[in-house]
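*Asks:* First, the structure itself, so that you have it in front of you.
Since every read-out is calculated from the coordinates, none of them should be taken as a lab result. Values in this document were obtained by computation on a predicted structure and should not be read as measured data. Using ideal geometry, Cβ is built from the backbone for each residue, glycine included, and neighbour counts are taken over all protein chains shown.
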Amino acid sequence: MEYQPVGLVNRHGALNYSEWTDAVKNELVKPTTLRLYGTATTSGGSVTIEITAEGTQGTTQGKLQVWLLEDGIKALQLMPDGTANQEYIHNHVFRTAVNGTWGEDFNVEEGKTIQRTMTQTLDSKWNPEQLCIVAFVYNDSGVQQTVKIKVENLKLET
């Protein structure tokens, strides 16, 4: 491809940015095999994340991945016209993978509910008011379900 950004949607194809919307819409209409819910609360310089999964169709086998993201970061961005925007606001900036690079094994059967709790120390450079958690279950077929969690009690205690 001659231009950027280029990305994958649900681990399929190298798509230019003008193709992302349709690809995402196509993925969103596919049935899922589980429901994810979660909460995230800060206290004492860390965030505690609770993820709940309900099996809705068959058995889902995969990996649970939990990421910490930050919005509202002002930094340099090279624009499509070749200019540099010093005031660009970046959102959904990846800060860390809470449960490791590839996540953790995660299996849920239809009609069953399972929970996971994890804690992440927050870097003092991050703005807790702009943090969110994204949790998803994936396997070789792609992402099975995703949940975005707003972080509550938004302050770092020192």
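*Asks:* Rounded to the nearest 500, what is the 222 nm mean residue ellipticity of the chain from helices alone, with -39500 (n - 2.57) per DSSP H run of 4+ residues and division by all residues? Numbers along the way, then the final one.
*Replies:* Values: 1 runs with 9 residues, N = 158.
Rounded to the nearest 500, it is -1500 deg cm²/dmol.
*Asks:* Would you grab the residues whose amide H sits under 5 Å from the one on G45? Only those 5+ places off in sequence or on another chain, please, with H modelled 1.01 Å from N.
*Replies:* Counting only residues 5 or more places away or on other chains, the set is E157.
*Asks:* Determine which residues of segment 20-37 fall in the zone a paramagnetic label at V6 would reach in this model, i.e. backbone nitrogen under 15 Å from the point 7 Å along Cα→Cβ.
*Replies:* Taking a point 7 Å out along Cα→Cβ of V6, the residues of segment 20-37 whose backbone N falls under 15 Å are 20.
*Asks:* Evaluate the relative contact order of segment 62-158 (contact order divided by residue number), counting alpha-carbon pairs under 8 angstrom at least 6 apart; express in whole percent.
*Replies:* Answer for segment 62-158 is 33 percent.
*Asks:* Among I51, I114, I149, which comes first, then next, by fewest other beta-carbon atoms within 10 Å?
*Replies:* With the sparsest Cβ surroundings first, the list reads I114, I149, I51.
*Asks:* Moving on. Test of understanding: given the chain, find the longest segment containing no trypsin sites (Lys or Arg not before Pro) that are in a DSSP loop and have at most 15 other Cβ atoms within 10 Å.
*Replies:* Excluding the exposed sites themselves, the longest stretch runs over 12-111.
*Asks:* Tell me, what is the FRET efficiency for D140 and M79 to the nearest 0.05, using R0 = 35 angstrom and their Cβ-Cβ distance as r? Please list the in-between numbers first.
*Replies:* Numbers: r = 37 Å, r/R0 = 1.06.
Efficiency, from the Cβ-Cβ distance: 0.40.
*Asks:* Please work out the FRET efficiency for the pair T121 and K148, using the Cβ-Cβ distance as r and a Förster radius of 22 Å; give the result to the nearest 0.05.
*Replies:* 0.55
*Asks:* Place +1 on the Cβ of every Lys and Arg and -1 on the Cβ of every Asp and Glu in segment 66-111, take the dipole about the Cα centre, and give the residue among V108, T83, L68 whose Cα lies farthest towards its positive end.
*Replies:* In segment 66-111, that residue is T83.
*Asks:* GNM on the chain, C-alpha springs below 10 Å: top fluctuator among E129, E110, E87?
*Replies:* E87
*Asks:* Counting DSSP beta bridges with both partners in the chain, what percentage is antiparallel, nearest 5? Provide the component values of the computation, followed by the final result.
*Replies:* Values: 52 of 55 bridges.
Roughly 95 percent of the beta bridges in the chain run antiparallel, per DSSP.
*Asks:* Please state the charge dipole magnitude for the chain, taken about the Cα centre, from unit charges on C-beta atoms (+1 on K and R, -1 on D and E), reported in debye and rounded to the nearest 20.
*Replies:* On the way: 13 positive and 19 negative charges, 43 e Å.
So the magnitude is around 200 debye.
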